[in-house]
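The block underneath contains the structure these notes are about, expressed in structure tokens.
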Amino acid sequence: MPNQKHFNKKHLAHLEVVRRQDRIIRISALIIILLVVGIVGYGILSSTVLLPLRQVASVNGDKITVKEFQTNVKIQRIQAINRYMQYMQYAQMFGVQDPINDANFGPMLQKDATLLQSTEAMGQQVVDLLINDRLIRQEAKKRNITVSGDEVEKALEEGFQFFPNGTPTAAPTETVQLTPTVNPTSLAIVTITPTPSPAPSATPDLSATPSPTEAPQPTETAGPTPTNAPTATAVSAEGFKTLLKERVATLNKDTGMDEAGYRAMIEISLLQEKLMADVTKDQKPYQEQVWARHILVATQLEAEAVIARLKAGEDFGQIAAKVSTDTGSKDKGGDLGWFGKGAMVAPFEEAAFSLKIGQISDPIKSDFGFHIIQVIGHEDRPLTTDQVTTNKQNAFQEFLKKLRSESDVKIDDLWKTIVPTEPALPTNLQ
């Protein structure tokens, strides 16, 4: 018969082993459960609380968050939808049957439609926009350029047509008076009176390809309409507060932007205006321009034959009318009118600006063929208000481009996976 004492010891030892194993199993199961819960919880937390705080880009250490990025994408989408609907309404007003394929409205409609359909295009635009915002703020700070709360408030008031002191009077447009330098030598070359406006585009189009211009920081406000004299305010103080509250509520619902964000958007727009004014303060409201005519042919041999005819005394305009392949100018004796730098393709421009009045060039090769150019006049000519504005905008964009190249800009590809697709273009307009 087995020893009872020995049996009890073995039994107790076995039970202890079982208890230890059971404890290990329970602890292991608890750890696994906690890990799973932790992973799931982190995923939920990451997508709800932490994600908006993550970085999509930084500019010299200044972080651009997911929340800011997504809010601005939604704002850009709203603006693109509004533009699209506006163009459609204009097209209907003009009786256009197929606006999308119309030569006038089609390109604008297709551009916004593409922007709304392509998350990459929209996201990239917003990333670039926010990077520019940071660059503007940082550069404005360096130059001690500021925007006060009162200036933001005034811009908001004007945007809602609230003018406590009456509608402002339009400021007079500065006119630059320049003395024309077209002399008898110029007039002896041709009898055509050049148009004072910028030269029309030639066919084939000799215009240089313009640099893409980034859209300025959008604002939700519209500028006041100037009148000849102050008038009573169109909106009362209470009306302004109500309209502002409604606008912020709509923005908050559609994009998540609160009033502080809305005011910040107005502030960056005003900062950009001030910084651009400072950067372009030396821009002149006039530019050196050339009045020229040309004969365009396909080959070097044809160009040399034209040169020979000119040297033999034949009239430039008559030759242009007969042999030039530029249908936009041949019937005007090859006359291109006045143009400034940047208006024509580089080889043509370089030759035209280097020639003296009356001088005829050797054959100049461009992508269009071979040009024989004669310069009729050189002078500083005043620019239109639109031309001055365009020049300043282009100069400012070049400034921002250079500033960005000199800055520490980091972009995280995270933005490519989180571009909002709402609000969407109404299905009846797609």
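Filter region 312-328 down to the residues that are at pLDDT 95 or above and closer than 14 Å to HIS371 by Cβ, then identify the one that is surrounded by the fewest Cβ atoms within 10 Å (Cβ to Cβ).
Within region 312-328, the match that is surrounded by the fewest Cβ atoms within 10 Å (Cβ to Cβ) is THR325.
Given the criterion within 18 Å of TRP291 (Cβ to Cβ), among the polar types (S, T, N, Q) and assigned by TED's automatic domain parsing to the domain that holds ALA298, identify the matching residue among SER361, SER366. Before the answer, list the steps.
Numbers: SER366 fails: within 18 Å of TRP291 (Cβ to Cβ).
The match here is SER361.
Being touching a helix residue (DSSP H, G or I) at 6+ places or on another chain (Cβ under 7 Å), under 30 Å from VAL279 (Cα atoms) and not polar (S, T, N, Q) narrows it down to one residue among PHE160, PHE105; which is it?
PHE160
Report the residue count in region 57-71 for those that are among the β-branched types (Val, Ile, Thr) and either in a helix (DSSP H, G or I) or closer than 18 Å to GLU406 by Cα (or both).
Start the filter on region 57-71 by keeping residues that are among the β-branched types (Val, Ile, Thr), which leaves 59, 64-66, 71.
From what's left, either in a helix (DSSP H, G or I) or closer than 18 Å to GLU406 by Cα (or both): 59, 66, 71.
Of the residues in that region, 3 qualify.
Kindly list the number of the only condition in (1) closer than 25 Å to MET276 by Cβ; (2) under 19 Å from the mean Cα position of the chain (by Cα); (3) of a type in the set (Asp, Glu) that fails for GLU120.
Exception for GLU120: condition (1).
Among the listed residues LEU116, LEU130, which satisfies the condition of being part of a helix (DSSP H, G or I) and either more than 24 Å from LEU270 (Cα to Cα) or touching a Lys or Arg at 6+ places or on another chain (Cβ under 9 Å) (or both)? Write out each step before concluding.
Details: LEU130 fails: either more than 24 Å from LEU270 (Cα to Cα) or touching a Lys or Arg at 6+ places or on another chain (Cβ under 9 Å) (or both).
After applying the criteria, what remains is LEU116.
What are the residues in region 314-332 that are small (Gly, Ala, Ser) and in a loop (DSSP other than H, G, I, E, B), if any?
Step one: of region 314-332, the residues small (Gly, Ala, Ser) are 317, 320-321, 324, 328-329.
Within region 314-332, SER324, GLY328, SER329 meet the criteria.
Does SER354 meet the test of being over 21 Å from the mean Cα position of the chain (by Cα), surrounded by fewer than 18 Cβ atoms within 10 Å (Cβ to Cβ) and modelled with pLDDT of 95 or more?
Working: over 21 Å from the mean Cα position of the chain (by Cα): yes; surrounded by fewer than 18 Cβ atoms within 10 Å (Cβ to Cβ): yes; modelled with pLDDT of 95 or more: yes.
When the stated conditions are applied, SER354 passes them.
Check ASN82, ASN60, ASN72, ASN101 and return the single one that is within 27 Å of the chain's Cα centre (by Cα), farther than 30 Å from ILE136 by Cβ and modelled with pLDDT of 80 or more.
Details: ASN82 fails: farther than 30 Å from ILE136 by Cβ; ASN60 fails: farther than 30 Å from ILE136 by Cβ; ASN72 fails: farther than 30 Å from ILE136 by Cβ.
The match here is ASN101.
Would you confirm whether or not region 179-197 contains a residue that is at pLDDT 65 or above, closer than 30 Å to LYS284 by Cβ and in a loop (DSSP other than H, G, I, E, B)?
Quick first cut of region 179-197, residues at pLDDT 65 or above only: 189.
Among the residues that remain, those that are also closer than 30 Å to LYS284 by Cβ are: 189.
Filter once more, so that each one left must be in a loop (DSSP other than H, G, I, E, B): none.
So far as region 179-197 goes, no, none of its residues is at pLDDT 65 or above, closer than 30 Å to LYS284 by Cβ and in a loop (DSSP other than H, G, I, E, B).
Select from region 379-430 the residues that are among the acidic types (Asp, Glu) and part of a loop (DSSP other than H, G, I, E, B) and write down the one among them that is surrounded by the most Cβ atoms within 10 Å (Cβ to Cβ).
Within region 379-430, the subset among the acidic types (Asp, Glu) is 379-380, 386, 398, 406, 408, 412-413, 422.
If we keep only those that are part of a loop (DSSP other than H, G, I, E, B) too, we end up with 406, 408, 412, 422.
Details: GLU406: 10, ASP408: 9, ASP412: 14, GLU422: 10.
Within region 379-430, the match that is surrounded by the most Cβ atoms within 10 Å (Cβ to Cβ) is ASP412.
The values are calculated or read from the model by the stated rules, or taken from the named source; none is laboratory data. Predicted model, so just to flag it, every value in this text is computed and none were measured. Cβ atoms come from the backbone with ideal geometry, glycine included; neighbour counts cover every protein chain shown.
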